[in-house]
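The values are calculated or read from the model by the stated rules, or taken from the named source; none is laboratory data. Remember, predicted model here, so these are calculated numbers, not experimental data. A quick note on method: Cβ atoms are made from the backbone with ideal geometry, for glycine too, and the neighbour counts reach across all protein chains shown.
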Amino acid sequence: MTQNKYNDSHYDIIVIGAGISGLLSALALSKEGKKVLILEKDSKVGGVCRSYEVDDYRVDTGPHAITRLDSGPLRELMDKYFDVVPQFVPFGKYYVRASNRLEPFPWSLKDWLTFDIIPKKDRLLLMKSLFDMFYRLSMGKDLSAVSIADVLPSEISSTTRRFWDYLSYFMLGTSMKSAPVSRFIDNKCHKQDDKPSSIPYAGKIYNLLISEGATDHKYPKGGIQSITNCILSSFPKNRVEIKTNEQVTDLQTSDTNEITIKGVSTEENNYSCDIVVYSGFASDLPNLISGLPEDYARNLMQIKKVNSLTIWLGLTKQFFSNHGCEMWVDSDPYIWAVPTSNYDPGLAPAGKQLVGFATVLPEKYDPAEARKKALNAIIQTIPEIESHIDMIHYQELIPEKAAWSLDSSFGDVKTPIKNLYTVGTDAEKRSMGITRAAYSVLRCLRIMRSERVL
Ligand SMILES: Cc1cc2nc3c(=O)[nH]c(=O)nc-3n(C[C@H](O)[C@H](O)[C@H](O)COP(=O)(O)OP(=O)(O)OC[C@H]3O[C@@H](n4cnc5c(N)ncnc54)[C@H](O)[C@@H]3O)c2cc1C
């Protein structure tokens, strides 16, 4: 324990980290009547849900599509706790760019049959594999340890292979060799109970046949900072305190027969509280608290983060005219190109276009090399872009604190320490990004209710 004085105030709840999951937790808990302190190590709140100015452009911390906005977890939290809600713009189509073509992403089997980017022979083989998988599921087979690479027919073309590898990185932050096939049949239903909902497999097939695409994906006007701003504006008066530039270094516990949270320490202060909601990296927890069961700590240390590089380009010409984004399957590295100024022209100076090009980075990388390679990939794909660059800005960020991968572990909202909960993208194995963070917050609230601390 550090030797500093205890801060006079006692808090019902201390939230560690002011990213979207910490802020959503603080909002919900304060609206439920709790006195909350948020401690954030950075000088700004928002974590990887922020926007800021670069020259005359407003960039986000990585390009974002906010998913499941019709009835998903963020919608549920917004309906219940937000006083002000962001203004969302439809995200539009996802286009696939490969083999010198640009085609809308095939969301349904009907679209898949005419998706020419992939050879017809491969499409038929893949459909056969898909139905075979549903059959195995309906027979009660557990596919949780089966990877995408395991179920791809060996005779498919390299473009088809790259397409699935791209989707594995895009949806799980990992290559198709360690991407569990079960993630691709995760359905969209959002239920209140603790477990992901499961509908009969016939229902899943039906969903595939009739899916209309990403109709509930949206982008917040003003940039993703507007989600963070709406949460901050919705905090009830005098019930939430935020301290930035305060990194939590220790979690304090009492020595009764059950290890129970009693406060937290930062370099500057000690704070006492009844409950801690931790939203930093779960893999850091073993360094912050003593007395964690060995198995639990070992599991947390095996979580693999997802690393990303985004190159934001301000362009003097409108290269991206479609309302939507592009998935570049042929480029090395794979690229997700999102022209955010198409959703909100106010993000770029008049007549210019702002585009975020996001890539997934390996576990270890040389930042200078990674930047050069990604920029080359953009220019190789659309050579004309090079002479129209007005602004360039690089971001190396962690979009997901845990890859959803067969060879790494995952955290959980519930911990072995009484009154300690974790939230964020390494605490809940559902969906991705902000939606996943929101799922973790809802589950945290449900567990707190069931444990009668809320
Ligand atoms: C390139 C890119 C593209 C993305 N695309 C999408 C998308 O399309 N759709 C989508 O939904 N999401 C997307 N995301 C992901 C989404 O932004 C994140 O998953 C989400 O914002 C994570 O929120 P979080 O609260 O879990 O974590 P974070 O934002 O990482 O917040 C954690 C906070 O805790 C603080 N902290 C950590 N340890 C301590 C400590 N010891 N003491 C005090 N403070 C601490 C950190 O400083 C940070 O502020 C994308 C992200 C990137 C980078």
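Put simply, of Q353, Q395 the only residue that is touching a Leu at 6+ places or on another chain (Cβ under 8 Å) and under 28 Å from S21 (Cβ atoms) is Q395.
The condition of being within 16 Å of the ligand (Cβ to nearest atom) and over 30 Å from N257 (Cβ atoms) holds for T435. Among residues belonging to region 379-391 that are in contact with a helix residue (DSSP H, G or I) (Cβ under 8 Å, 6 or more places away or on another chain) and either acidic (D, E) or closer than 21 Å to D56 by Cβ (or both), point out the one that is surrounded by the most Cβ atoms within 10 Å (Cβ to Cβ). Only one residue tops the list, namely I385. Of all the residues in region 397-434, those that are in a helix (DSSP H, G or I) and surrounded by fewer than 23 Cβ atoms within 10 Å (Cβ to Cβ) number 1.
Give region 124-162 a look and list any residue that's basic (K, R) and farther than 24 Å from T174 by Cβ, or say none.
If the condition is that a residue be basic (K, R) and farther than 24 Å from T174 by Cβ, then K128 is the only one that fits.
Those residues that are among the aromatic types (F, W, Y) and within 16 Å of the ligand (Cβ to nearest atom), I need them from region 312-365; list them, please. Correct list: W312, W328, Y334, W336, Y343, F357, Y365. Just the residues that are out of contact with any strand residue (DSSP E or B) (no Cβ under 8 Å at 6 or more places or on another chain) and not charged (D, E, K, R), please, taken from region 252-289. Those that are out of contact with any strand residue (DSSP E or B) (no Cβ under 8 Å at 6 or more places or on another chain) and not charged (D, E, K, R): T256, N257, P286, N287. For region 338-371, a residue qualifies if it is farther than 21 Å from S226 by Cα, among the aliphatic types (A, V, I, L, M) and in contact with a helix residue (DSSP H, G or I) (Cβ under 8 Å, 6 or more places away or on another chain), and the qualifying residues are V360, L361.
I'd like to check something: does region 116-138 contain any residue that is in contact with a strand residue (DSSP E or B) (Cβ under 6 Å, 6 or more places away or on another chain) and either of a type in the set (A, V, I, L, M) or closer than 26 Å to F319 by Cα (or both)? Yes, there is a match, as at least one residue in region 116-138 is in contact with a strand residue (DSSP E or B) (Cβ under 6 Å, 6 or more places away or on another chain) and either of a type in the set (A, V, I, L, M) or closer than 26 Å to F319 by Cα (or both).
Yes/no per residue for (1) without any contact (Cβ under 8 Å) to a residue 24 or more places away in the chain; (2) among the charged types (D, E, K, R); (3) touching a strand residue (DSSP E or B) at 6+ places or on another chain (Cβ under 7 Å):
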position: Y394; (1), (2), (3): no, no, yes
position: I398; (1), (2), (3): no, no, yes
position: E428; (1), (2), (3): yes, yes, no
position: S431; (1), (2), (3): no, no, no
position: Y439; (1), (2), (3): no, no, no
position: C444; (1), (2), (3): no, no, yes
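Just one of the listed residues (R443, R436) is assigned by TED's automatic domain parsing to the domain that holds G263, under 16 Å from L74 (Cβ atoms) and in contact with a Lys or Arg (Cβ under 8 Å, 6 or more places away or on another chain), and it is R436. The set of residues in region 35-89 that are under 23 Å from L445 (Cα atoms), within 14 Å of the ligand (Cβ to nearest atom) and over 19 Å from the mean Cα position of the chain (by Cα) comprises L37, I38, L39, E40. Can you tell me how many residues in region 123-178 are assigned to a loop (DSSP other than H, G, I, E, B) and among the acidic types (D, E)? Total meeting the criteria: 2. Please go through region 376-425 and give me each residue that is within 30 Å of E53 (Cβ to Cβ) and within 12 Å of the ligand (Cβ to nearest atom), ordered by number. Correct list: Y394, Q395, E396, L397, I398, P399, E400, K401, V423, G424, T425. Among residues that are free of Cβ contacts under 8 Å to residues at least 40 places away in the same chain and in contact with a strand residue (DSSP E or B) (Cβ under 8 Å, 6 or more places away or on another chain), Q302 is not included. Would it be correct to say that E386 is assigned to a loop (DSSP other than H, G, I, E, B) and of a type in the set (D, E, K, R)? So E386 does not fit the description; no.
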